[in-house]
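Participant: Structure below; questions to follow.
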Amino acid sequence: MPHTDRFMDIRRDSHSSELLARGGDLEAHSILQRAGFIAVVRLHETYHRAPAGLTEDDESRLATDAVARLRAAGYHVDCD
């Protein structure tokens, strides 16, 4: 049975238009941060967002790099 913490979701938020990454474990969080995402730690959840001020092309490159790194590490990534 696959571990649920090996599943990730990287999508643009429909309300804020921010590029967000959700799910994963500590290793996935580390991979996302090395790819350039910024951690957002809330009381009941931790997720990652793209840095402010990036163009859509830069965000696409950031997301593509993160997806490639995560998949290479064995994560299942659902993305736009």
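Participant: Can you give me the number of residues within the range 1-51 that are more than 19 Å from Thr64 (Cβ to Cβ) and part of a loop (DSSP other than H, G, I, E, B)?
Facilitator: First, pick out the residues of the range 1-51 that are more than 19 Å from Thr64 (Cβ to Cβ): 1-6, 14-16, 25-27, 39-46.
Narrowing further to those that are part of a loop (DSSP other than H, G, I, E, B): 1-3, 14-16, 25, 42-45.
Going through the range 1-51 one residue at a time, the tally reaches 11.
Participant: When you check Ala63 against the structure, is it under 17 Å from Asp78 (Cα atoms), at pLDDT 95 or above and among the small types (Gly, Ala, Ser), yes or no? Before the answer, list the steps.
Facilitator: On the way: under 17 Å from Asp78 (Cα atoms): yes; at pLDDT 95 or above: yes; among the small types (Gly, Ala, Ser): yes.
It is true that Ala63 is under 17 Å from Asp78 (Cα atoms), at pLDDT 95 or above and among the small types (Gly, Ala, Ser).
Participant: Can Asp78 be described as of a type outside the set (A, V, I, L, M, F, W, C), surrounded by 14 or more Cβ atoms within 10 Å (Cβ to Cβ) and in a strand (DSSP E or B)?
Facilitator: On the way: of a type outside the set (A, V, I, L, M, F, W, C): yes; surrounded by 14 or more Cβ atoms within 10 Å (Cβ to Cβ): no; in a strand (DSSP E or B): yes.
Considered against the rule, which asks whether it is of a type outside the set (A, V, I, L, M, F, W, C), surrounded by 14 or more Cβ atoms within 10 Å (Cβ to Cβ) and in a strand (DSSP E or B), Asp78 comes out as no.
Participant: What number goes with the only condition from (1) under 13 Å from Glu18 (Cα atoms); (2) open to solvent by 60 Å² or more (accessible area, probe 1.4 Å); (3) part of a loop (DSSP other than H, G, I, E, B) that Ser60 does not pass?
Facilitator: (3)
Participant: Continuing with this model, one more query. Among the candidates Ala72, Ala39, Ala35, which residue alone is in contact with a Ser or Thr (Cβ under 7 Å, 6 or more places away or on another chain) and either under 20 Å from Arg6 (Cβ atoms) or at pLDDT 95 or above (or both)?
Facilitator: Details: Ala72 fails: in contact with a Ser or Thr (Cβ under 7 Å, 6 or more places away or on another chain); Ala35 fails: in contact with a Ser or Thr (Cβ under 7 Å, 6 or more places away or on another chain).
Step by step, each of Ala72, Ala39, Ala35 is checked, and only Ala39 is in contact with a Ser or Thr (Cβ under 7 Å, 6 or more places away or on another chain) and either under 20 Å from Arg6 (Cβ atoms) or at pLDDT 95 or above (or both).
Participant: Could you check the range 1-46 and list, in sequence order, the residues that are of a type outside the set (S, T, N, Q), open to solvent by 90 Å² or more (accessible area, probe 1.4 Å) and free of Cβ contacts under 8 Å to residues at least 24 places away in the same chain?
Facilitator: Of everything in the range 1-46, those that are of a type outside the set (S, T, N, Q), open to solvent by 90 Å² or more (accessible area, probe 1.4 Å) and free of Cβ contacts under 8 Å to residues at least 24 places away in the same chain turn out to be Met1, His3, His15, Leu26, Val41, Arg42, Leu43, His44.
The values are calculated or read from the model by the stated rules, or taken from the named source; none is laboratory data. It should be emphasised that the depicted structure is a prediction, and the values quoted were computed from it without experimental measurement. Note that each Cβ is placed from the backbone with ideal geometry, even for glycine, and that neighbours are counted across all protein chains shown. Side chains are part of the model used for accessible areas, which takes the heavy atoms of the whole protein and leaves out ligands, DNA and RNA. Shrake-Rupley method; radii C 1.70, N 1.55, O 1.52, S 1.80 Å.
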